[in-house]
Amino acid sequence: MAGQLFAPHYARPTVRACGLSPRLLRSGPSDSAPAVSELLPGEEFAVVDVTAGWAWGYCRADHRVGYVEAIELVAPFEATHVVIEASAPVEAGADLLSPTLTGLPMGSRLSGEVQGALLRIEAGFVPLSYLRRVGHYEEDPVAAAQRLLGVPYRQGGRTIQGVDGPGLIQLALRQCGTPAPREADLQTALGEPVPDGATLRRGDLVFCAGAPGLMVDDQLVIHITPDTGKVSIEPLRCLPSEGLQRRRLA
């Protein structure tokens, strides 16, 4: 996993955070370098080095290593809320006629003051119905994944602009308080193997040809691959069965 995961004893990093807009984490210091992941608003990023305007380091949540434009990073803060919907609107004011300024993707971490049915953040107001408090988790990762149905495939993506297979699984599990690696091969170590002959159930992880998915029930799986092109629900029997791995979370 050299170049993908960071061993934090190598250097003393400077902790920063992703600003209001998500930013792709790239394999090199260039906009043309392949995306390896995506930083979500409020996620902390440990900066080890800065060269020509690009910060090299790792996402503190999953230790995914990469480059991000240093100008897009802000001072870290203590989050109070997390976005649970596919996208949460940031409104200019507290009244119903206020325009929407931007949207924040699922998993964004916010800090603000509750004012009625809204969370007031520095950039505007976010309806509380789109949020959960930090430390308050959902119980069903499948329900979280289903909110992203139809989102297109994008290598390294983790937002409604595009998501990849491991990103979908990571987002869904984190909403339920389950830390998950960013890479599919590491996700195969989550939970325990489903015993041979046992029926799959909602929330089980399956890996078809290395691509991860979540079982919706004993027959259907929600997943995304370059072939599907978008987050979809399909019968498991329609996917390649060779090398199928089945994992069950506690």
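Figures for the structure shown
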item	result
Filter result (loosely packed, with under 11 Cβ neighbours inside 10 Å and within 17 Å of Asp196 (Cα to Cα)) within the stretch 222-250	Arg237, Ser241, Glu242, Gly243
Any hit, the stretch 112-124, residues being closer than 20 Å to Arg147 by Cα, modelled with pLDDT of 95 or more and either crowded, with 18+ Cβ neighbours inside 10 Å or not assigned by TED's automatic domain parsing to the domain that holds Thr159 (or both)	no
Odd one out for Asp164 among (1) more than 18 Å from Val83 (Cα to Cα); (2) assigned by TED's automatic domain parsing to the domain that holds Leu97	(2)
Residue match in the stretch 40-51 (condition: over 17 Å from the mean Cα position of the chain (by Cα) and either in the same structural domain as Arg174 (by TED's automatic domain parsing) or at pLDDT below 95 (or both))	yes
Single unsatisfied condition, Val68 versus (1) in a loop (DSSP other than H, G, I, E, B); (2) touching a Phe, Trp or Tyr at 6+ places or on another chain (Cβ under 9 Å)	(1)
Those residues of the stretch 25-44 which are in contact with a Lys or Arg (Cβ under 9 Å, 6 or more places away or on another chain) and assigned to a loop (DSSP other than H, G, I, E, B), in sequence order	Ser32, Ala33, Pro34, Leu40, Pro41, Gly42, Glu43
Strands (runs of 3 or more DSSP E) fully within the stretch 72-127 counting 1 or more residues that are of a type in the set (S, T, N, Q) and more than 20 Å from Ala46 (Cα to Cα)	87-91, 100-105, 113-115
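The values are calculated or read from the model by the stated rules, or taken from the named source; none is laboratory data. Not measured: the values here are computed from a predicted model. Methodologically, a virtual Cβ is constructed for each residue, glycine included, from the backbone with ideal geometry; neighbour enumeration extends over all protein chains shown.
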